[in-house]
Every structure is written in structure tokens, then in C-alpha cells.
Amino acid sequence: MSTDPFMDALQQIVGPHGLVADSADRERFERDWRGNYPGRARAVVRPASTGEVAAVVRLCSEHHVPVVPQGGNTGLAGGSSPDDSGLEVVLSLTRMNRVRSISLADETIMVEAGCILQHVQEEAARHNRLFPLSLAAEGTATIGGNLSSNAGGEQVLRYGNARDLTLGLEVVLPDGRVWNGLSPLRKDNTGYDLKHLFIGGEGTLGVITAASLKLFPLPRHQCTAWLGLDTPRQAIDVLMLLRETLGDCVTSFELVGRATLDQVLARIDGTRAPLAEATPWSVLVEVSETARDTRLDARFEAALGDLLERGFVRDAVVAQSSEQAHALWHIRDHVPEAQRRDGPSIKHDLSVPISRIPEFIETTGAALAATFPGIRVICFGHVGDGNLHYNQSKPAHQSDAEFRAQIPRVHDIVHEQVARMHGSISAEHGIGRLKQDALMHYKSAVALDLMARVKRAIDPDNLFNPGRLLPAEAHHQGDIR
Ligand SMILES: Cc1cc2nc3c(=O)[nH]c(=O)nc-3n(C[C@H](O)[C@H](O)[C@H](O)COP(=O)(O)OP(=O)(O)OC[C@H]3O[C@@H](n4cnc5c(N)ncnc54)[C@H](O)[C@@H]3O)c2cc1C
């Protein structure tokens, strides 16, 4: 027994395996993936069932202790780690990692929130089905975190984002009640669709404990190619033409700028340039088909041949084996890691209408270069969804401190362009603690007011992820702007 009744009660609920006591073991739960938000938790608790989650939440509510829900802790917006007050409890779902059921007739899989995304993909594949959510952190990120951040990733173009893939949820509410909305139904018009409040809710409204997810037929054929281009405009043209020719088969369409590719080749061992001659822009494209005997490879190669002939593409390489396809994806998936190894960077995860991507890249690049000579733009993204990761790396001549001092101004320049094009300042990573100022600035007063009212209605004491997504002050004010 300790001298802290709250800790004793927690221990009683979750047992000896459910509390992370050792301070070295706790560290990975207390700091975010990028290391930008190191914190200190009052406790790190790992319940093993929905009942235990509900009991922990009830206890926290009685003691007025804030709760930070956490999955794989790969989030990039500072929403999943505790602050440095030492008051918050990290509620990790990682022990809740069972697949509850799979139904081929319903084409659904029901999983607990702590299931690692890659394991869900593998379980689906074992049943000859596809769970299409796919992102570079899939070996660590969990379904609960994917849904709470409405993750996007590399196959949104064809299958949609986490929101589109979810049929039902089980959620523990801030007062400890459990909402069982684990429906496998594809149609249900009985009022407000409550699951959508929790998807993308960043853990501010409830703890997702399980989800019912959509499955798809497993593709039988897949082709992957790396295309070399001169301009982003060509990328948009190529996307349009490939979709006209191959329809829904176009599964991924990832843009990679030259500086981005160079950074990966320099920082990640074992990578090599896909094309003999470097081009200013590249696209990694994947097409897939579920039907038999479609001759997808021949259709794909004919479409690429046509694009080369008509000058939309300067050079192209088509993967001849799954190893070669993997090597191309390895480059794309290691862009964030290469940037991390390169030193400090400024990140933007934005979306604009697909048609305006070339204009965005041109005008924003020019504005940044004029204000910050030498700044390196690391631009890549899921361009088929209008989503760019538009980041900046430090020029060689600058100190880290000088570079960091520019962050607010760089954000302003980029976000102003996004707003001018009616885009979004967060396409897939969410708001967390990282983007609250921008949210307050760019979101409409009506939308902010509605969001604050929803939060107050469901979490009146502001105990779930306080100060993430919406600023803490917003909770107590009637009109937040
Ligand atoms: C290398 C790398 C690549 C990435 N690529 C992509 C990408 O392509 N697309 C993309 O969308 N994201 C990407 N991300 C961001 C991140 O992986 C995703 O946001 C992922 O969905 C987070 O899952 P997680 O389990 O790690 O969640 P966490 O980081 O643990 O949490 C994320 C948010 O969800 C909340 N949360 C977590 N679990 C629950 C739960 N069960 N109930 C309620 N709230 C919860 C947390 O409080 C936090 O606010 C990438 C990250 C890395 C490191």
C-alpha cells in the first residue's frame, strides 16, 4: 500500500500489470514521438478491459484527475502525452489488443482499441480481406489512436480515411458510462451519428475501447511505379489521366519533392535513387485490382507509356517484384525519419483543393524564399487527397536557435496561403497542443462555438485531454472568440 489513496484505488482496479511503476519504463508514455512535449504523469495506467477503463475513468472523475488517452503514442500534434504538471493520468489502451470477431458476410472486423494497425491488416489478410488504412507508423499506431485522430495515410484516395472505414464504436464517457455503439450496420438513420464525434475527437470526448471496421476484398493484382516529373502541375494531370484510364484502381498517389528525396537518400541507409536522372518532382503511384484476369500490369504499363510519350512524365520505373515495390515505398515511408535525423524542422500538414496544389507550392515557396533565404522546403504528401506535408528544414548557415525563432512567422506565411485557398491547416494529424493558435485563428467563430458546446456537454469538468484540441480557456467561456 502507498500513502496515496488514489494510487491504491487505481492499483486495485487494474492489478499489478496495469500500472507502469518504473520511471524508466514510464518515459516512453510520457513523451511524444517527436520529443517536443516531454511531460510527467501522475500515473501511467494500462487497463485490460472495457470494464477496467470505465472503473479507472470513474475514479479519475471522482478525484477530479485529468485523463490523457493514449494508443501507440505516434501522434504528431502533442495530443497523446501528459503535460509537465504531474497531475494527469496517462490511460494507455495497449493491453486491450484483442480481435473480438470477424464477419466475412458483414465484411467487418471488430477489434479492441489497443490493436496495432498492422496486426489488424494482417488479421484481415489471413481471412483474404483488406483493411486499407495504411501509414508509415502502422507497426506502432493503434486503432484507437487512428480513429481518435481520424488518420488518413496512403490509400485514402481509394478507400477513404479512418472515419470512412468505421461502422461502430464502443466508448467510455468522462463520467464512466459505456456507450455501446459497436454496430456492423452500413445504414442507420436513427438520429445523430454519435460515432463521428469521437472519431477525430483526439480523446477529448471519450476513450474509444473498441471499433467495428469495414473490410474489403483483398487485391489480387498490384503495380507500383516511381515517376519522374518536372512540375507539380504534371502530377495533377497524371493523376487525372490515370484515373480516367484506370478508374478506381488508382490506390495511392504520393508526391515527393527533389529536396525530400535527397534528404532520404542522404539520411536513410540502403536507399537508392529510383531513376537514373533526378527530376525536380516524383510521384509514387500504386494501382490495385481485386478481380481476376484483369491484365492490370499491361493496362498500367500502357497508361504510363502514353503519359511518357505525351510528355507528362519524364521518366518512370515500374517495380518488377514485391521487393522492388517495397524498396520504393521504403523511400516514401522514411521521409519523416530522414527529416528527423536531419535536424530541426517546421511541419505543416495541410490540404487545399487538388487543383490548387501547384499554385500553393509555387506561391508559398516563393514567399518563404523571399523572407527566409536558404530555407529548405521538404514537400511530400498524399496529393490525390489534396494533402501536403509541407515542411521546412534548416539552412546550413543557421543555428538551431535562429531557425527555431522563425517558426511563428513561417507558420503564418504557410497558413495564410492555405486560408486564401480555402484549405485546412490540419489534413490528418489533428490539432493537439501543436495547432491550437492556428485553429482559433482560422476556424470560424460559429464552428468553434459549436465545438466548445459539444465538449462542455459531454465532458463538463474538462477532464479528458484538457488543453488539447480546444484551449482550456475555451471550456469555461460562453463565446470563445
Ligand atoms: C512516421 C510517422 C508517419 C505518420 N504518417 C501518418 C499518415 O500518413 N497519416 C496520418 O493520419 N497520420 C500519420 N502519422 C501520425 C500518427 O501515426 C497517427 O495520428 C496515428 O493514427 C496515431 O495513432 P496512435 O495509436 O499512435 O495514437 P496516439 O499518438 O497515442 O494518440 C493520438 C491522439 O488520439 C488520442 N487517443 C489515442 N488512443 C485513444 C483512444 N483509444 N480513445 C480516445 N482517444 C485516443 C490521444 O489522446 C491523442 O490525442 C504518422 C506518424 C509517424 C510517427
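The values are calculated or read from the model by the stated rules, or taken from the named source; none is laboratory data. Fair warning: this is a prediction, and the values are worked out from it, not measured in the lab. Reconstructed Cβ throughout: ideal geometry from the backbone, glycine too, with neighbour counts over all protein chains shown. These accessible areas exclude ligands, DNA and RNA; they are computed on the full protein's heavy atoms, side chains included. Shrake-Rupley method; radii C 1.70, N 1.55, O 1.52, S 1.80 Å.
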#### Entry: Filtered residue count, the stretch 101-150, keeping only those that are of a type outside the set (A, V, I, L, M, F, W, C) and within 15 Å of the ligand (Cβ to nearest atom)
17
### Summary
Note: among His17, His63, just one is away from the ligand (no atom under 12 Å from the Cβ) and touching a residue at least 60 places away in the same chain (Cβ under 8 Å), namely His17
### Task
Filter the stretch 202-215 for residues that are within 8 Å of the ligand (Cβ to nearest atom), outside any strand (DSSP E or B) and either over 21 Å from His429 (Cβ atoms) or not assigned by TED's automatic domain parsing to the domain that holds Gly152 (or both) and give the result.
none
## Note on the structure
Considering residues that are touching a strand residue (DSSP E or B) at 6+ places or on another chain (Cβ under 9 Å) and open to solvent by 50 Å² or more (accessible area, probe 1.4 Å), the number found within the stretch 7-22 is 2
#### Entry: Test for Asp333: is it touching a residue at least 24 places away in the same chain (Cβ under 8 Å) and either buried (at least 18 other Cβ atoms within 10 Å of the Cβ) or not assigned by TED's automatic domain parsing to the domain that holds Gly78 (or both)
yes
### Query
Give me the pairs: first residue in the stretch 240-267 and within 24 Å of Val335 (Cβ to Cβ) and not assigned by TED's automatic domain parsing to the domain that holds Leu388, second residue assigned to a helix (DSSP H, G or I) and basic (Lys, Arg), beta-carbon distance under 7 Å, and six or more apart or on different chains, which are they?
Val250/Arg158; Val250/Arg243; Thr251/Arg158; Glu254/Arg332; Val256/Arg332; Arg267/Arg341
### Message
If a residue must be of a type outside the set (Ser, Thr, Tyr), within 16 Å of the ligand (Cβ to nearest atom), closer than 25 Å to Arg34 by Cα and not in a loop (DSSP other than H, G, I, E, B), how many such residues does the stretch 423-457 contain?
### Response
2
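Okay, residues lined up against (1) in contact with a strand residue (DSSP E or B) (Cβ under 8 Å, 6 or more places away or on another chain); (2) over 25 Å from His429 (Cβ atoms):
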position: Arg28; (1), (2): no, no
position: Asp32; (1), (2): no, no
position: Gly35; (1), (2): no, no
position: Val56; (1), (2): yes, yes
position: Val67; (1), (2): yes, no
position: Gly75; (1), (2): no, no
position: Ser81; (1), (2): yes, no
position: Asp84; (1), (2): no, no
### Message
Kindly evaluate Val120 against the criterion of being β-branched (Val, Ile, Thr) and touching a Phe, Trp or Tyr at 6+ places or on another chain (Cβ under 8 Å).
### Response
yes
### Task
For residues that are open to solvent by 30 Å² or more (accessible area, probe 1.4 Å) and in contact (Cβ under 8 Å) with a residue 12 or more places away in the chain, scanning just the stretch 187-201, find the one that is nearest to the ligand (Cβ to nearest atom).
Leu197
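Please work out if Ile458 is surrounded by 20 or more Cβ atoms within 10 Å (Cβ to Cβ), in contact (Cβ under 8 Å) with a residue 12 or more places away in the chain and closer than 25 Å to Gly72 by Cβ.
Details: surrounded by 20 or more Cβ atoms within 10 Å (Cβ to Cβ): no; in contact (Cβ under 8 Å) with a residue 12 or more places away in the chain: yes; closer than 25 Å to Gly72 by Cβ: yes.
So Ile458 does not fit the description; no.
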### Query
If you go through the stretch 151-164 one residue at a time, do you hit one that is more than 14 Å from the ligand (Cβ to nearest atom) and open to solvent by 20 Å² or more (accessible area, probe 1.4 Å)?
yes
### Query
Got at least one residue in the stretch 23-36 being of a type in the set (Gly, Ala, Ser), open to solvent by less than 30 Å² (accessible area, probe 1.4 Å) and assigned to a helix (DSSP H, G or I)?
no
